[in-house]
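Dropping the structure in here first, questions after.
Just so it is clear, none of the values below were taken in a lab; they were calculated from the coordinates. On a predicted model such as this, the values are computed, not experimentally measured, just so you know. No Cβ is skipped: glycine too gets one built from the backbone with ideal geometry, and neighbour counts run over all protein chains shown.
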Amino acid sequence: MTSFAVVAEGLRKRYGDTNALDGFDLAVPEGAVCGLLGPNGAGKTTAIRVLATLLRADAGRAVVAGLDVAAEPAQVRYRIGLAGQQSAVDEILTGRENLEMWGRLYHLDAATARRRAEELLEQFGLTEASGKRVKHYSGGMRRRLDLAASFILAPRVLFLDEPTTGLDPRNRNEVWRAVRALAEFGSTVLMTTQYLFEADQLADRIAVLDAGRVIAEGTPERLKSMIGGDQLDLVLREAADLDAAARVMAGVAGAEPAADADTRRLTAPVRDRIGALTEIMHELQRRGIAVEDVALRRPTLDEVFLSLTAEKVTP
């Protein structure tokens, strides 16, 4: 039987006339990295705040690390780490002093807090700046320090709310490595992100939110398969051939391809990837339609996200 580190059942939270959470259900297995995706206002941050005991739900039930969030919030806090969208570091203290302070707040003895601070400073590339006051840090450095603080205890459950916003690619990769290492040691990670490629890189499971509830859930590969499996992209030499080539692709793929006249590109979902590619290319060649580029690829999470939430978007 799978053990779950995070369970939410029917969570509801209302702000005035707005339902931030409207029957939010989620189950995250122990040791998994789960990505929480959704458009702005979907309820991602509200869900994190409820699960991390920062906000009380109006209805429903939540269990984190085996403890009821509403009934045992203090015990839950001791077992979790949290990095929210707003930095929680002290600008007056140095980077090292911030991490040592967090260690002491988690009841580590002084020597252990110092050792853990040094490990995290090195892990997040902050050793050289560790003696500087945080008010002199760049935005990216503050974010890395904030994330390091959430790793102090190697928590059983780590909540990350858009953890790499504002970080450059190198620093983002450092955060990814730290998250993977934490998961390998058995911690469970629940993260929100606006970068869908980040969820694709990190998450074992993904839950897509819209209007305060989960509308799709599964592994990245399962979600990608929901919109038709593999995609075939063709770039034609002549834009005048788009209509004829589209008819060929539709006949083989069984679906009308998406066409972009500016780039002379046609895209269609295919199930028998090699067979469809061979048949389409043979027919285009027979008709004298020249192809400049061809590619078979899996759908991206961006395409999954847009497909799942398209009907909610108004022009």
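Based on the inverse mean of 1/r over its pairs of different Cα atoms, what is the Kirkwood hydrodynamic radius of the range 230-297, in Å?
Working: mean 1/r = 0.0876 Å⁻¹.
Mean inverse Cα-Cα distance, inverted, gives 11.4 Å.
Given H placed 1.01 Å from N in the peptide plane, which residues other than close sequence neighbours of residue 192 have an amide H under 5 Å from its amide H?
Result for residue 192 returns 36, 160, 161, 162.
Given a Förster distance of 22 angstrom, what is the FRET efficiency for residue 56 paired with residue 85, based on the Cβ-Cβ distance and rounded to 0.05?
0.65
List, in order, the whole-Hz ³J(HN,Hα) value for each residue of the range 76-92 obtained from phi through the Karplus relation with A = 6.51, B = -1.76, C = 1.60 and θ = phi - 60°; use x for Gly and Pro.
These are the phi-based 3J(HN,Hα) values: 4, 4, 6, 9, 10, x, 8, 10, x, 5, 9, 5, 10, 8, 8, 5, 6 Hz.
For residue 181 paired with residue 233, estimate the spin-label separation in nm (one decimal), with each label point 7 Å from Cα along the Cα-to-Cβ line.
3.5 nm
Translational diffusion coefficient, Stokes-Einstein: compute it for the range 1-147 using the Kirkwood radius over C-alpha pairs as Rh, at 4 °C and 1.567 mPa s, and state it as an integer in µm² s⁻¹. Working shown, then result.
Numbers: Rh = 17.2 Å.
Diffusion coefficient, whole number: 75 µm²/s.
Next up: Suppose R0 equals 30 Å; then what is the FRET efficiency for residue 78 and residue 215 from their Cβ-Cβ distance, rounded to the nearest 0.05? The partial results should precede the final answer.
Working: r = 33 Å, r/R0 = 1.10.
E(calc), rounded to 0.05, equals 0.35.
Can you grab the distance from the C-alpha centre of the range 158-215 to the C-alpha centre of the range 240-289, Å, no decimals?
Value for the Cα centre distance between the two parts: 36 Å.
What's the lysine pair count for the chain at a Cα cut-off below 24 Å, pairs eight or more apart or interchain? Mind dumping the intermediate values first?
On the way: 13/44; 13/312; 44/224; 44/312; 224/312.
Pairs that pass both the separation and distance tests number 5.
Follow-up. For 249, 101, 141, which order do you get if you count the other beta carbons within 10 Å of each Cβ and list the fewest first?
Final ranking by Cβ density, sparse to dense: 101, 141, 249.
Search the structure for amide H atoms under 5 Å from the amide H of residue 58, placed 1.01 Å from N in the peptide plane, and list their residues when 5 or more places away or on another chain.
Residues meeting the criterion, in which the H sits 1.01 Å from N, are 12, 13, 14.
Mind listing the long-range amide H neighbours of residue 291? Cut-off is under 5 Å, sequence gap 5 or more, other chains count too, H placed in the peptide plane at 1.01 Å from N.
Those lying under 5 Å, H to H, from residue 291 are 237.
Given points 7 Å out from each Cα along the Cα-Cβ axis, report the residue 92 to residue 283 separation in nanometres with one decimal.
A separation of 7.3 nm, rounded to one decimal place.
Let me ask you something else. How big is the antiparallel share of DSSP beta bridges in the chain, given as a percent to the nearest 5?
Values: 37 of 54 bridges.
Roughly 70 percent of the DSSP beta bridges within the chain come out antiparallel.
Something else now. Return the sequence-ordered ³J(HN,Hα) values of the range 180-194 in whole Hz as given by the Karplus equation 6.51 cos²θ - 1.76 cosθ + 1.60 applied to θ = phi - 60°, using x for Gly and Pro.
Whole-Hz 3J(HN,Hα) from phi for the range 180-194: 4, 4, 5, 5, 5, 8, x, 6, 9, 10, 10, 10, 9, 7, 8.
Take the Cβ-Cβ distance between residue 261 and residue 40 as r, set R0 to 25 Å, and report the resulting FRET efficiency rounded to the nearest 0.05. Intermediate results must be reported in sequence, preceding the final value.
Numbers: r = 31 Å, r/R0 = 1.24.
Once the sixth-power term is evaluated, E becomes 0.20.
Further question: Find which of 70, 93, 219 sits farthest along the positive direction of the dipole of the chain, computed with +1 on the beta-carbon of Lys and Arg, -1 on that of Asp and Glu, about the Cα centre.
In the chain, that residue is 93.
Quick one: Karplus J couplings for the range 251-258, per residue in order, coefficients 6.51, -1.76, 1.60, θ = phi - 60°, nearest Hz, x for Gly and Pro?
3J(HN,Hα) across the range 251-258, in whole Hz: x, 7, 7, x, 8, 5, x, 7.
Starting from the Cα-Cα distance between residue 247 and residue 118, subtract it from 0.36 nm times their residue separation and give me the gain in nm to one decimal.
On the way: separation 129, 0.36 × 129 = 46.44 nm, distance 6.27 nm.
Extra length available between residue 247 and residue 118 comes to 40.2 nm.
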